[in-house]
1. Which condition from (1) at pLDDT 90 or above; (2) under 28 Å from the mean Cα position of the chain (by Cα) is the one that K132 breaks?
2. Those residues that are assigned to a strand (DSSP E or B) and either among the aliphatic types (A, V, I, L, M) or within 26 Å of V67 (Cα to Cα) (or both), I need them from the stretch 1-56; list them, please.
3. Please indicate, with yes or no, whether at least one residue in the stretch 31-45 is free of Cβ contacts under 8 Å to residues at least 60 places away in the same chain and touching a helix residue (DSSP H, G or I) at 6+ places or on another chain (Cβ under 8 Å).
4. Which of the following residues is surrounded by fewer than 12 Cβ atoms within 10 Å (Cβ to Cβ), of a type in the set (F, W, Y) and at pLDDT 80 or above: Y16, Y42?
5. Is one or more of the residues making up the stretch 95-115 touching an Asp or Glu at 6+ places or on another chain (Cβ under 8 Å), more than 30 Å from E45 (Cα to Cα) and loosely packed, with under 14 Cβ neighbours inside 10 Å?
6. Would you say K55 is loosely packed, with under 10 Cβ neighbours inside 10 Å, over 22 Å from the mean Cα position of the chain (by Cα), farther than 30 Å from K147 by Cβ and of a type in the set (D, E, K, R)?
7. With S156, S109, S100 as the choices, which residue is within 30 Å of F60 (Cβ to Cβ) and at pLDDT 90 or above?
Amino acid sequence: MKGKYVKCYNCSKSIYRYFSRLKKGKKYFCSLNCRYKSQRIYQKELSKHLYKRIKKVCQFCGKDFIVENYRRNTAQFCSKKCRGKSFVGKKAPNWQGGKSSKNRLIRQSEKMKLWRLTIFERDEFTCQKCGKRGGKLVAHHIKPFSKYPKLRFSISNGITFCKKCHDRLHGHLRKKYHDKTY
């Protein structure tokens, strides 16, 4: 087989390569030592460029902060705290004009939390069906929350159940929604 002489990429020493082993654009080395030296030099040059530090200004608080060169296009905030605070309300990526269900807003309100606590205290944190005290309790609306909006916060419309009894009570609803095949 025939070949030709090529220069070592690292030390320029002349080495013989067969045509079957020659590939266009490939770097050739006379030994593994030369190859490793070349890689180390390349890594040093690359790290000098990549890890050069630059100064940027935080988009949320306006403070100056320093980042590595490779983050020059992506770094916008000085900390995770500033990043988190910047994506609130209208600035959040999933913002939909302030729409949230009225039901959810009512159920998460302070008034609802107070109603729930009052029901628990009245019933002494005891399930009114099985008599179990403590554990996971649910303040149940006797007349449905959705059908009787005037009675939503009425103390007489609430009763304490443990989670197990409450699930049994609403078993027909659970079967109706969870047994569907989608």
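1. (2)
2. Matches in the stretch 1-56: V6, I15, R53, I54, K55, K56.
3. There is no residue in the stretch 31-45 that is free of Cβ contacts under 8 Å to residues at least 60 places away in the same chain and touching a helix residue (DSSP H, G or I) at 6+ places or on another chain (Cβ under 8 Å).
4. Sole residue among the options that is surrounded by fewer than 12 Cβ atoms within 10 Å (Cβ to Cβ), of a type in the set (F, W, Y) and at pLDDT 80 or above: Y16.
5. Step one: of the stretch 95-115, the residues touching an Asp or Glu at 6+ places or on another chain (Cβ under 8 Å) are none.
No, the stretch 95-115 has no match at all.
6. On the way: loosely packed, with under 10 Cβ neighbours inside 10 Å: yes; over 22 Å from the mean Cα position of the chain (by Cα): yes; farther than 30 Å from K147 by Cβ: yes; of a type in the set (D, E, K, R): yes.
Yes, satisfied.
7. Values: S156 fails: within 30 Å of F60 (Cβ to Cβ); S100 fails: at pLDDT 90 or above.
Criteria check complete, one pass: S109.
The values are calculated or read from the model by the stated rules, or taken from the named source; none is laboratory data. This one's a predicted model, so the numbers in the text were calculated from it and none came from an experiment. Neighbour counts run over all protein chains shown; Cβ positions are idealised from the backbone, glycine included.
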